[in-house]
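*Asks:* Can you keep this structure in mind? I'll have questions shortly.
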Amino acid sequence: MLASSTVTSSTVTPVALAPRPFLKWAGGKRRLLTQYEDYFPQRIDRYYEPFLGGGAVFFHLYPRLTTATIADANPELINVYDCLKNQVDQVIAQLDQHRQHHSEDHYYQVRNQSKTSLTPAQRAARLIYLNRTCYNGLYRENAQGRFNVPMGRYKRPMICNAELLRAVARSLNQVEVRLASFQDSSASAQPGDFVYFDPPYHPLSATSNFTAYSRYPFGAEQQIALRDVFADLAKRGVQVMLSNSDCQFIRQLYADFELHTITACRSINSKAQRRGKITEVLVTANLPSRPQQTT
C-alpha cells in the first residue's frame with residue numbers, strides 16, 4: 001500500500017510518490033487505462049505481464065497486487081528493471097553523469113558505446129538516457145541489436161528523475177523480473193491469476209509495419225503462437241487480456257473470445273499528419289464485460 005500523509009502538531013509525513021512509467025515506449029497504455037479499467041478483474045492472485053515495455057498497466061495495477069511476474073524478451077529493457085530493483089542508486093549516479101554532460105556529441109558517443117564494455121547499471125542508465133533524449137522517445141534496434149535512433153530536439157529533457165526511479169524500485173521489491181519469451185513467462189499461471197499481453201501490434205498495412213522494438217521479429221507466425229498461448233490460458237481458467245491492432249487478421253484470430261473496441265491515439269509516427277485517433281482491439285477471456293449503459 002502507498003504511504004498516506006500524517007499531520008501532527010510538529011511534523012508532516014509526505015505521501016510516497018506513486019510509481020509510474022519512467023520510459024517513453026511505443027504503444028504505451030497510460031492513456032487507455034480508463035477504458036481498460038472495467039475489464040480488469042476484481043481479484044488477482046498473481047499478475048503476469050509478458051510484454052512489459054513501459055509497464056503502464058503493471059504500475060496502474062500495482063496498489064492492488066500482492067505478487068507479480070513481469071517479463072520481456074528484450075534483454076536491455078529487462079536489465080533496466082532488474083537494475084532499478086537491485087541497484088537503483090548506481091543507476092541514478094550514472095544518469096546524473098549523463099545529465100551533466102548531455103550534448104549532441106555526448107548523445108552519439110553514448111549511442112555508439114559497446115554494451116559489452118558496460119556494467120549492468122551503466123547499461124541501464126544508457127538506455128534510460130537515450131530513451132529520454134532520442135527522437136520522439138522511440139526505441140528501435142537494427143538487425144545487429146544496436147540502438148539507432150537520432151537525437152531528439154529537447155531543450156530541457158528530464159534525464160534523471162531520481163524520486164520516480166526510487167518509487168519504481170520500491171514497487172519492484174516483491175516482483176519477479178524475467179528475461180523470457182511470452183510462452184515461458186506466463187506458463188505457470190493458474191485460475192485466479194491475471195495475464196495481460198501487449199505484444200508488438202500487427203501492422204494495419206504493409207507500410208505501417210513497426211515491430212522493431214528489438215532485433216527479434218514479431219510477425220504473423222508469432223501472433224498465431226501468441227493466440228495459442230492465450231487460448232490455452234483461457235481454457236485453464238486464467239483471466240486473460242490482450243491488446244492489438246484493430247484489423248481483420250487479429251479479429252479472426254480471436255473470434256472465439258470477447259472482442260472490445262478501444263479508441264486510442266497514435267503518437268509515434270515520422271509524419272505528424274499520420275498521428276491521431278485510431279481504434280484498437282482488446283481481447284478478454286474469463287474477465288468481466290463492460291457494464292451495459294441504461295438509457
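The values are calculated or read from the model by the stated rules, or taken from the named source; none is laboratory data. The structure displayed is predicted, hence computed values, not measured ones. Positions of Cβ are backbone-derived with ideal geometry, glycine not excepted, and every protein chain shown enters the neighbour counts.
*Asks:* Kindly indicate whether Phe194 is of a type in the set (Phe, Trp, Tyr), surrounded by 14 or more Cβ atoms within 10 Å (Cβ to Cβ) and at pLDDT 95 or above.
*Replies:* Considered against the rule, which asks whether it is of a type in the set (Phe, Trp, Tyr), surrounded by 14 or more Cβ atoms within 10 Å (Cβ to Cβ) and at pLDDT 95 or above, Phe194 comes out as yes.
*Asks:* Can you name the residue in the range 216-259 that is charged (D, E, K, R) and under 21 Å from the mean Cα position of the chain (by Cα) and is also farthest from Pro203 (Cα to Cα) among such residues?
*Replies:* Among those residues, the one meeting the criterion is Arg227.
*Asks:* A follow-up question, please. For the range 78-99, check the following and say yes or no: at least one residue is part of a loop (DSSP other than H, G, I, E, B), out of contact with any Leu (no Cβ under 7 Å at 6 or more places or on another chain) and outside the structural domain of Gln35 (by TED's automatic domain parsing).
*Replies:* Taking the range 78-99 and keeping what is part of a loop (DSSP other than H, G, I, E, B), we get none.
No.
*Asks:* In the range 57-71, how many are assigned to a loop (DSSP other than H, G, I, E, B) and of a type in the set (Ser, Thr, Tyr)?
*Replies:* Counting residues in the range 57-71 that are assigned to a loop (DSSP other than H, G, I, E, B) and of a type in the set (Ser, Thr, Tyr) gives 2.
*Asks:* Tell me which residues, restricted to the range 150-182, are within 22 Å of His106 (Cβ to Cβ), assigned to a loop (DSSP other than H, G, I, E, B) and in contact (Cβ under 8 Å) with a residue 24 or more places away in the chain. First the steps, then the outcome.
*Replies:* Of the residues in the range 150-182, the ones within 22 Å of His106 (Cβ to Cβ) are 150-162, 165.
Next, from what is left, pick out any that are assigned to a loop (DSSP other than H, G, I, E, B): 150, 152-161.
Residues satisfying the conditions are Pro157, Met158, Ile159, Cys160, Asn161.
*Asks:* Hey, another quick one. In the range 114-146, which residue that is over 22 Å from the mean Cα position of the chain (by Cα) and either modelled with pLDDT of 95 or more or not assigned by TED's automatic domain parsing to the domain that holds Pro157 (or both) is nearest to Val168 (Cα to Cα)?
*Replies:* Residue satisfying both the conditions and the ranking: Thr119.
*Asks:* Could you please let me know if Ser267 is modelled with pLDDT under 95, under 22 Å from Gly28 (Cα atoms) and exposed (fewer than 15 other Cβ atoms within 10 Å of the Cβ)? Show your work before the answer.
*Replies:* Details: modelled with pLDDT under 95: yes; under 22 Å from Gly28 (Cα atoms): yes; exposed (fewer than 15 other Cβ atoms within 10 Å of the Cβ): yes.
Considered against the rule, which asks whether it is modelled with pLDDT under 95, under 22 Å from Gly28 (Cα atoms) and exposed (fewer than 15 other Cβ atoms within 10 Å of the Cβ), Ser267 comes out as yes.
*Asks:* Is there a residue in the range 221-236 that is farther than 17 Å from Ala26 by Cβ and either part of a strand (DSSP E or B) or at pLDDT below 95 (or both)?
*Replies:* no
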